[in-house]
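Encoded as structure tokens, the structure appears first; notes follow it.
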Amino acid sequence: MTKKVGVVGCGQMGAGITQVSAQAGYQVIVNEATEEFLAKGIKNITKQLDKAIEKGKLDQAGKDKILGNIKGTTEFAEFADCDIVIEAVTENMAIKREIFAELDKICKPETIFASNTSSLPIGDLAAITKRRNKFLGLHFFNPVSVMKLVEVVRTLDTSEETFNAAFSFAQSIGKTPVKAKDTPGFIVNVLLIPYLLDSIRQYENGLASREDIDNGMMFGCGHPMGPLTLTDFIGLDTTLYIADIMFEEFKDSHYAAPPLLRRMVNTGYLGKKSGRGFYEYNK
Ligand code: CAA
């Protein structure tokens, strides 16, 4: 039974995973590289809870209880007795491998390890540990507190017991889990990324204005955001990074990034987070 959850990384995804786990009543220990990053992450969670209070969806006692379930740290020592550890750091294989190698030495043998990676092979991460059968992917979607889906990614080595425990954990925090294989893009990104790339390609080729492409998909297909707005939201750099990994793996033009996307990323237009992507944002 999962009681204590470890989250590595308190950026956008890590903070969201921490919040939803604490909201579901789990004891959560969350790690960041520095006190400064940690304080920023916890502040973002507090801000989300304050918004919920403003909307009348949470009271002060509820907020205090959720924050009381969260403990921040810049060390890994307190991860030793976690039942599950979810890693949500930057998409860099070397950094993730270093983290899992360290956690493998510290955590009890029963601890399940999960990565929130959207694009790196889970099996390659598991291979660095001595617990390949207790390793899997738990891929959350942004914003984590709103998006219901979690892809539960099974490698060649993930045991049935590990898979079932992680699947139940996802359900226990109010998510809808789906069973995915350890192939690039899992289920959602293998469908979503070509769609976003095609939208950028069509925009680059002059099919229509950015607004009309977005409105087309919002009002014609009922999507909550048009594809160019969604790319800004995900991050142009993240979209390019995932596309490049998928292209490298499949060698299929569906996943080839359009020149405009690469040019925008190289120029520093990263989307909402940088203040400019396909649209401009007030920082
Ligand atoms: N963080 C937390 N909560 C947020 C938020 C954010 N950034 N943005 C909006 N919300 C919350 C709001 O507070 C609101 O909550 P309540 O219902 O409790 O009031 C709710 O979401 C709806 O927000 P709004 O009414 O302000 O706006 P909206 O109806 O336009 O919804 C949205 C905003 C949920 C982001 C919606 O536009 C949407 O679903 N967009 C698509 C998001 C998407 O596709 N995400 C997946 C990206 S792909 C990915 O993450 C994986 C990958 O590997 C790339």
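The values are calculated or read from the model by the stated rules, or taken from the named source; none is laboratory data. Since we're looking at a predicted model, the values are computed, not measured. Here Cβ is always computed from backbone atoms with ideal geometry, including for glycine, and neighbour counts include all displayed protein chains. These accessible areas exclude ligands, DNA and RNA; they are computed on the full protein's heavy atoms, side chains included. Shrake-Rupley method; radii C 1.70, N 1.55, O 1.52, S 1.80 Å.
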Go through the stretch 52-72 and give me each residue that's within 15 Å of I29 (Cα to Cα), open to solvent by less than 90 Å² (accessible area, probe 1.4 Å) and not in a loop (DSSP other than H, G, I, E, B).
I66, L67, G68, I70, G72
Condition test on S209, is it open to solvent by less than 70 Å² (accessible area, probe 1.4 Å), of a type in the set (S, T, Y) and more than 10 Å from the ligand (Cβ to nearest atom)?
yes
Taking F186 as meeting all but one of (1) surrounded by fewer than 20 Cβ atoms within 10 Å (Cβ to Cβ); (2) closer than 28 Å to S145 by Cβ, write down the number of the exception.
(1)
For residues that are open to solvent by less than 10 Å² (accessible area, probe 1.4 Å) and farther than 17 Å from P121 by Cα, scanning just the stretch 137-163, find the one that is nearest to the ligand (Cβ to nearest atom).
V144
Hey, does the stretch 33-55 have a residue that's within 22 Å of the chain's Cα centre (by Cα), at positive phi and of a type outside the set (S, T, N, Q)?
no
Restricted to the stretch 73-100, and to residues that are open to solvent by 30 Å² or more (accessible area, probe 1.4 Å) and closer than 17 Å to K130 by Cβ, which residue is farthest from the chain's Cα centre (by Cα)?
A80
What is the residue count in the stretch 214-225 for residues that are within 11 Å of the ligand (Cβ to nearest atom) and either open to solvent by 60 Å² or more (accessible area, probe 1.4 Å) or in contact (Cβ under 8 Å) with a residue 24 or more places away in the chain (or both)?
3
So if I check each of A166, A180, which one is open to solvent by less than 70 Å² (accessible area, probe 1.4 Å) and either within 14 Å of the ligand (Cβ to nearest atom) or touching a His at 6+ places or on another chain (Cβ under 6 Å) (or both)?
A180
Selection count, the stretch 1-20, where residues are within 12 Å of the chain's Cα centre (by Cα) and of a type in the set (S, T, Y):
1
Here is a check on your reading of the model: is L49 surrounded by 19 or more Cβ atoms within 10 Å (Cβ to Cβ) and not in a loop (DSSP other than H, G, I, E, B)?
yes
Selected residue (only one of Q60, Q12 is in contact (Cβ under 8 Å) with a residue 24 or more places away in the chain and of a type in the set (S, T, N, Q)):
Q12
Reported set for the stretch 115-128 where residues are more than 16 Å from the ligand (Cβ to nearest atom) and open to solvent by 10 Å² or more (accessible area, probe 1.4 Å) is G123, D124, A127, I128
Can you tell which of K71, K63, K96 is within 24 Å of V146 (Cβ to Cβ) and either outside the structural domain of L236 (by TED's automatic domain parsing) or of a type outside the set (K, R) (or both)?
K63
Determine which member of the set E248, E280 is of a type outside the set (V, I, T), within 18 Å of P121 (Cα to Cα) and open to solvent by 30 Å² or more (accessible area, probe 1.4 Å).
E248
